[in-house]
Amino acid sequence: MGKAFDWHLIFDFIPTLLEYLMITLQVLLYATVIGLVLGLVLAVIRLFRVPVLSQLVIVFLSFIRGTPMLIQLFLVFYGLPALLLVFGFDISRMAPAYFVIVTYALRDGAIFSEIFRSAIKGVDYGQTEAAMSVGMSPVQSFFRIVLPQSVSIAFPNVANSVISSLKDTSLAFTIGLMDMMGRGETLIAATAHALEVYIALSIIYYVVVLILEQVAKLFEKRANRHKTTVMALD
């Protein structure tokens, strides 16, 4: 049973929790970067219908969509060491942060692959034909013409996914990561003031999300500045 609510403690807990914000943001950053690369690779595999690999990607995406994030976290945390141990590699003593990053990178890669695939298909194929007509190979036209435009199309959805991932990182404490949520759980155990801790956490997450949304809007505006220029010329 918790103690009587004390709103003053909310402001006492916030500085303590903020000390662990950087861990949460580092996990988000590394998982996002790896996820972007993985997502692009998976999207290309599906778009070009690479034999065998394309089918494996479809199964992977279906599994990620059909299983809870928490289960995926446990599967990586317990399953990856067991799998690698078969090949003589013992990673059971690695820091929980690495398993968290791998899990979220895989999940982000699956999400980003669908975003990229949709964005790439959204670029008019006539531009690819025009590029090939002037001597570009399919690969050159993809990376020089299609991909830059698809990044602009995909950016809003990617930004929303990153913000969603930030909130999902709150599950990482379940495998021992001492991030903001993990520190919050220790504060609850030490003080029995659960409500105050969760309110403090919600304030921090909410402010960080607001900041990320504003940063995303600035990047989106900058990425689409060429469209504004074209419309002005018209």
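I'd like the residue in segment 86-101 that is closer than 16 Å to Thr24 by Cβ and open to solvent by less than 70 Å² (accessible area, probe 1.4 Å) and, out of all such residues, is farthest from the chain's Cα centre (by Cα).
Residues of segment 86-101 that are closer than 16 Å to Thr24 by Cβ, as a first pass: 95-101.
Restricting the remaining residues to those that are open to solvent by less than 70 Å² (accessible area, probe 1.4 Å) gives 95-97, 99-101.
On the way: Ala95: 20, Pro96: 17, Ala97: 15, Phe99: 14, Val100: 11, Ile101: 9 Å.
Per the stated criteria, the residue is Ala95.
Quick check on my filter: what residues within segment 102-131 are hydroxyl-bearing (Ser, Thr, Tyr) and surrounded by fewer than 13 Cβ atoms within 10 Å (Cβ to Cβ)? Give the derivation first.
Just the residues of segment 102-131 that are hydroxyl-bearing (Ser, Thr, Tyr), to begin with: 103-104, 113, 118, 125, 128.
Residue satisfying the conditions is Tyr125 alone.
Any idea which residue in segment 173-226 is nearest to Phe77 (Cα to Cα), counting only those that are buried (at least 19 other Cβ atoms within 10 Å of the Cβ) and of a type in the set (D, E, K, R)?
Filtering segment 173-226 for residues that are buried (at least 19 other Cβ atoms within 10 Å of the Cβ) and of a type in the set (D, E, K, R), the one nearest to Phe77 (Cα to Cα) comes out as Asp179.
Give me a count of the residues in segment 1-25 that are exposed (fewer than 14 other Cβ atoms within 10 Å of the Cβ) and more than 16 Å from Ile199 (Cβ to Cβ).
Going through segment 1-25 one residue at a time, the tally reaches 3.
Being open to solvent by less than 80 Å² (accessible area, probe 1.4 Å) and either over 19 Å from the mean Cα position of the chain (by Cα) or of a type in the set (A, V, I, L, M, F, W, C) (or both) is the requirement here; does Leu56 meet it? Spell out the reasoning first.
On the way: open to solvent by less than 80 Å² (accessible area, probe 1.4 Å): no; either over 19 Å from the mean Cα position of the chain (by Cα) or of a type in the set (A, V, I, L, M, F, W, C) (or both): yes.
Judged against the criteria, Leu56 is not a match.
Would you pick out the residues in segment 58-80 that are over 19 Å from Ala31 (Cα atoms) and either hydrophobic (A, V, I, L, M, F, W, C) or touching an Asp or Glu at 6+ places or on another chain (Cβ under 8 Å) (or both)?
Ile58, Val59 - these are the residues of segment 58-80 that are over 19 Å from Ala31 (Cα atoms) and either hydrophobic (A, V, I, L, M, F, W, C) or touching an Asp or Glu at 6+ places or on another chain (Cβ under 8 Å) (or both).
So how many residues does segment 79-124 have that are of a type in the set (D, E, K, R) and part of a helix (DSSP H, G or I)?
If we filter segment 79-124 for residues that are of a type in the set (D, E, K, R), which is where we start, we get 90, 93, 107-108, 114, 117, 121, 124.
Add one more test, that the residue is part of a helix (DSSP H, G or I), and what stays is 107-108, 114, 117, 121.
Here the count works out to 5.
Does segment 178-203 hold any residues that are touching a helix residue (DSSP H, G or I) at 6+ places or on another chain (Cβ under 6 Å) and hydrophobic (A, V, I, L, M, F, W, C), and which are they?
Selection gives Met180, Met181, Leu187, Ile188, Ala194, Val197, Ile199, Ala200, Leu201.
Out of Thr191, Thr169, I need the residue that is over 21 Å from the mean Cα position of the chain (by Cα), of a type in the set (Ser, Thr, Tyr) and under 30 Å from Leu9 (Cβ atoms). Which one? So that I can check it myself, show each step before the final result.
Details: Thr169 fails: over 21 Å from the mean Cα position of the chain (by Cα).
Answer to the selection: Thr191.
Looking at segment 11-25, I want the residues that are in contact (Cβ under 8 Å) with a residue 40 or more places away in the chain and assigned to a helix (DSSP H, G or I) and have a partner that is among the β-branched types (Val, Ile, Thr) and open to solvent by 60 Å² or more (accessible area, probe 1.4 Å) with Cβ atoms under 9 Å, at least 6 apart or on another chain. Which pairs are those?
Within 9 Å, the pairs are Ile14/Ile203.
Met231 fails exactly one of the following numbered conditions: (1) modelled with pLDDT under 90; (2) open to solvent by less than 30 Å² (accessible area, probe 1.4 Å). What is the number of that condition?
(2)
The values are calculated or read from the model by the stated rules, or taken from the named source; none is laboratory data. The shown structure was predicted, so the numbers you read here are calculated from the model rather than taken from an experiment. For neighbour counting, all protein chains shown are included, and Cβ atoms are generated from backbone atoms with ideal geometry for every residue, glycine included. The protein model used for the area step is the full one, side chains on, heavy atoms only, and it has no ligands, DNA or RNA in it. Shrake-Rupley method; radii C 1.70, N 1.55, O 1.52, S 1.80 Å.
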